[in-house]
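Reviewing the structure listed below.
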Amino acid sequence: MTTAPARRHLAELPPHARWAALENLVVEKFRAALLLTPDENLPLDENYFGLGLTSLGVTEIKQTLEAELGCEIDTSALFHKLTVADLLDHLTATGLSDLFPPRPAAPAADDGPDRAVRQALVRDLLHRLYEA
């Protein structure tokens with residue numbers, strides 16, 4: 001399925017531009033299914049069933065995205081990952097993982113001595129800022 005048009009388009013983009021392009025594609029499909037006008041916001045972190053999408057609508061989006069992206073989307077993922085943001089994460093981690101390398105893990109919380117120094121610097125800077 002590598003001849004899918006959206007997948008080809010994503011592959012041609014520089015890696016830093018792929019996420020936005022994928023988000024635009026997926027959002028466009030959800031906006032159309034929800035009958036949103038261009039000036040209406042589609043919240044990426046809200047349950048799409050709560051926004052009015054039906055099971056049939058999700059199935060149609062799934063089929064369209066599979067055809068355009070050239071990857072299979074697990075149906076259960078659409079019913080367990082209930083936001084557009086979750087779906088985007090799922091797509092980049094599974095069907096499009098060759099185009100989206102894993103994101104680096106968030107740094108662990110730093111509770112060492114350097115943290116106290118940084119906090120003191122920030123307090124000092126804020127104090128100086130508000131004195132001016």
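Under 9 Å by Cβ, and 6 or more places apart or on different chains, what pairs join a residue from the stretch 15-36 that is among the acidic types (D, E) with one that is part of a helix (DSSP H, G or I)?
Every condition considered, the pairs that remain are E23/V84; E23/A85; E23/L88.
Looking for something closer than 26 Å to E46 by Cβ, at pLDDT 70 or above, surrounded by 10 or more Cβ atoms within 10 Å (Cβ to Cβ) and not charged (D, E, K, R) - is there at least one such residue anywhere in the stretch 101-124?
no
Among the residues of the stretch 60-73, which ones are at pLDDT below 95 and loosely packed, with under 15 Cβ neighbours inside 10 Å?
E72
Would the stretch 68-80 turn up any residue that is closer than 28 Å to T3 by Cβ, free of Cβ contacts under 8 Å to residues at least 12 places away in the same chain and not charged (D, E, K, R)?
Of the residues in the stretch 68-80, the ones closer than 28 Å to T3 by Cβ are 68-78.
Pick out the ones that are also free of Cβ contacts under 8 Å to residues at least 12 places away in the same chain and you get 76.
From what's left, not charged (D, E, K, R): 76.
Yes, the stretch 68-80 contains a residue that is closer than 28 Å to T3 by Cβ, free of Cβ contacts under 8 Å to residues at least 12 places away in the same chain and not charged (D, E, K, R).
Residues that are within 12 Å of the chain's Cα centre (by Cα): which helices (runs of 4 or more DSSP H) entirely in the stretch 1-103 hold 2 or more of them? Show your work before the answer.
Values: elements: 5-12, 15-33, 55-69, 75-80, 84-93.
Result: 15-33, 84-93.
The values are calculated or read from the model by the stated rules, or taken from the named source; none is laboratory data. As the structure is a computational prediction, the values presented were derived from the model and not from experiment. When we count neighbours, we look across all protein chains shown, and the Cβ atoms used for this are built from the backbone with ideal geometry, even at glycine.
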